[in-house]
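Worksheet for the structure shown next.
Taken together, the values in this text are just the output of simple stated rules run on the coordinates, not laboratory data. Note that the structure is predicted; figures quoted are calculated from it, not measured. Neighbour counts are summed over all protein chains in view; Cβ atoms, including those assigned to glycine, are modelled from backbone coordinates with ideal geometry.
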Amino acid sequence: MIIQSIEFSGSFPRISACPRSEFLEFAFIGRSNVGKSSLINMLSNRKAIAKVSVTPGKTQLINFFKVNEGWHLVDLPGYGYARVNKKMLSSFTTMIKDYLSKRENLVNTFVLIDIRHDLQKADAEFLDWCGESQIPISIIFTKIDKISKQQIPIHIERINSKILQTWSELPPQFISSAVTNQGKEDILSYIESILSQVHATNH
Ligand code: GDP
C-alpha cells in the first residue's frame, strides 16, 4: 500500500468526542520523543503531516488523519514524560485507556519503542496494561539507523526478553527508521492485510 492521500480530520480530547465513522482505525503511541511524528510523516510521504515535537508532552489530544479515503490513522499523545502534573497525567491516561479499550473502530495499535534503550518502566507498564486489557498491538522499534546492523537483533532480543517476563508470546514486531525509510513497506503492507481481512469478514 502507498499512502496517496492523507488529511487531518480533527483532534479530540476524549473518546466521546471522537467522530462516528465507518473507517477502521490504526493508532500510534509511544513515549514522548520515540519518533512517532517522524514515523507518521515517513509512512505518509509528508514532511510535516504530524508535527515533529518541540515540547514533549504538549499535544494531549487524539489526532485523526483520513488516509486514502479508506481508513483513519490515529496519532495518540506520548506517554511517560515527567513534565506534567499528577492530575493532568491521570486524565490523560484515562483518555488514552478509554480510547484504546472502548473504541470499536480500532483494529490495531502500534506501540513504538526506541531500539537504542532498554525497555523503560513506562513502556513495560503500558504493554502490560494492553496485554491485560486484550488490546491488539504490534510493536515498532524506531530509530534503527542509530545503531549498527549487528546490534539490531541484540537490542531486540534484550527488549523482548523483558516483555516475555509478563507476556506469554510476543506481539507482531517491525523495525523502522525515519531517516532511511526502512520498515515503511512492511508496516504499510501489514496495515493493508488487516484492512482486507476485516473487510472480507464483514462482507
Ligand atoms: P515524537 O515525540 O515521538 O513524535 O518524536 P519525533 O518524531 O518528534 O522525534 C524525536 C526526535 O528523534 C527528533 O529529533 C527526530 O528527528 C528524531 N528521530 C525520529 N525518528 C528518527 C529516526 O528514525 N532516526 C533518527 N536518527 N532520528 C529520529
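Descriptive notes on the structure:
- Centroid-to-centroid separation of segment 123-141 and segment 1-29 [C-alpha atoms, Å]: 20
- Under 18 Å from Lys47, Cα to Cα: aspartates and glutamates that are on another chain or at least 8 residues apart: Glu7, Asp75, Glu185
- Percent of beta bridges antiparallel (DSSP, segment 6-197, rounded to nearest 5): 35
- Subset of Lys36/Lys184; Lys36/Lys121; Lys36/Lys66; Lys121/Lys146; Lys66/Lys97 violating a 20 Å alpha-carbon distance limit: Lys121/Lys146; Lys66/Lys97
- Inter-label distance, nm, simple model (7 Å from Cα along the C-beta direction), Ala48/Ser196: 3.7
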